[in-house]
Amino acid sequence: MNETNKVPIIELKGISKSFGRNLVLDNIDLTIYKGDALCIIGPSGTGKSTILRIIAGLIAPDAGEIYIAGKKRQGLIEDANDPIVIGMVFQQAALFDSLTVDENVGFLLYQKSKLPRQRIRDLVNQRLEMVGLGGTGDRYPSELSGGMRKRVSFARAIMYNPEDTQSHPQVLLYDEPTAGLDPIASTVIEDLIRQLHCLEGICNTYVIVTHQDSTIRRTADRLVFLYEGKVQWQGYIDEIDQTDNQVIRQFMSGSTEGPIRVVG
């Protein structure tokens, strides 16, 4: 595959970010292409989730530039609208416990659109059916399993107002989507990510942060390996077992021997 034939949709140039004295990202360059199924991988605490939050416009880098669909971002997402909508699925689902599934998934439409409530409920159920949870709109998050809550958060991320074409998400960001799930529930989520990627009319570009082997192999077409604040390796999933890069080989094998320092 040749990146020169692809369309960049998000570009990070020279991105650095510190928290106190801890340099998390050190002059990172990263390009996300339209149609990408990209996994950002690496040991815990190496800035993977920080990159997602910078892409989403939730936190600002200390240095560097961010381009969204070719337009340089100024400030955070609350300061100015990006030219495209970027949706995010948080690690802990981030549902409102006091709201029903219907109210969680349709939250923005209930709050900001002029659509009739029944129309919103119909749209919500369509999204719930897409994630295999049709008919669950009247339940509360506490009544759902961990995997079901994750799927509700997926439904919320792909919800948009059909009368406002600018509200359609073009990029989805998944932060550890299978964390804390058993292997079967993880497989359900991994399959769902792929299915949503292929559905017509649904966002077909996504970035996943994960360190779970099955999620890497089942959801990624392209990989970026992050360690010590820098991109140490990038390539395609079918290259991961053939590379001579010792950092990626140690990470994928789970060995304690190699260039990655083992803490504790």
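Bear in mind these aren't lab numbers, they're just calculated from the coordinates by the rules spelled out. Note that the structure is a prediction, hence the values are computed from the model and not measured. Glycine gets a Cβ as well: all are built from the backbone with ideal geometry, and neighbour counts include every protein chain shown.
Annotation: extensible slack from residue 191 through residue 98 equals 30.6 nm (criterion: 0.36 nm per residue apart, minus Cα-Cα distance). Ranked for footprinting exposure by Cβ neighbours inside 10 Å, fewest first, 54, 59 give 59, 54. Evaluating 6.51 cos²θ - 1.76 cosθ + 1.60 at θ = phi - 60° for every residue in the stretch 80-85, the Karplus couplings come out as 7, 6, 6, x, 10, 8 Hz, glycine and proline recorded as x. Under the shape rule built on the C-alpha gyration tensor, where the axes satisfy a ≥ b ≥ c, the stretch 74-153 is oblate, since a/c reaches at least 1.5 while a/b does not exceed b/c. Rounded to whole numbers, the Karplus 3J(HN,Hα) couplings from phi for the stretch 144-157 are 10, 6, x, x, 5, 4, 4, 5, 4, 5, 5, 4, 5, 5 Hz, using 6.51 cos²θ - 1.76 cosθ + 1.60 with θ = phi - 60°, and x at Gly and Pro.
Run the simple label-point estimate for residue 27 and residue 69 please: 7 Å along Cα→C-beta, distance reported in nm. It works out to 3.3 nm between the two label points.
FRET efficiency for the pair residue 58 and residue 228, taken as 1/(1 + (r/R0)^6) with r the Cβ-Cβ distance and R0 = 22 Å, rounds to 0.40. Pick from 232, 170, 118 the residue whose mean-square fluctuation is largest in a GNM of the chain, springs joining Cα atoms under 10 Å. Comparing 232, 170, 118 in a Gaussian network model of the chain, the most mobile one is 118.
Highest mean packing comes first when the peptides 214-222, 178-186 are listed by Cβ atoms within 10 Å, giving 214-222, 178-186. Taking the longest Cα principal axis of the chain as reference, the axis of helix 183-198 is set at about 80 degrees.
Pull out a ≥ b ≥ c, the square roots of the eigenvalues of the alpha-carbon gyration tensor of the stretch 140-240, then state rounded if a/c is under 1.5, prolate if not and a/b is larger than b/c, and oblate in the remaining case. It comes out oblate by the Cα gyration axes. Applied to the stretch 58-73, the Karplus parametrisation 6.51 cos²θ - 1.76 cosθ + 1.60 on θ = phi - 60° returns per-residue 3J(HN,Hα) values of 8, 9, 9, x, 7, 8, x, 10, 10, 10, 10, 6, x, 9, 6, 7 Hz, with x for Gly and Pro.
Amide H to amide H, with H built 1.01 Å from N, residue 164 comes under 5 Å of no residue 5 or more places away or on another chain.
From the alpha carbon centroid of the stretch 220-234 to that of the stretch 3-60 is 10 Å.
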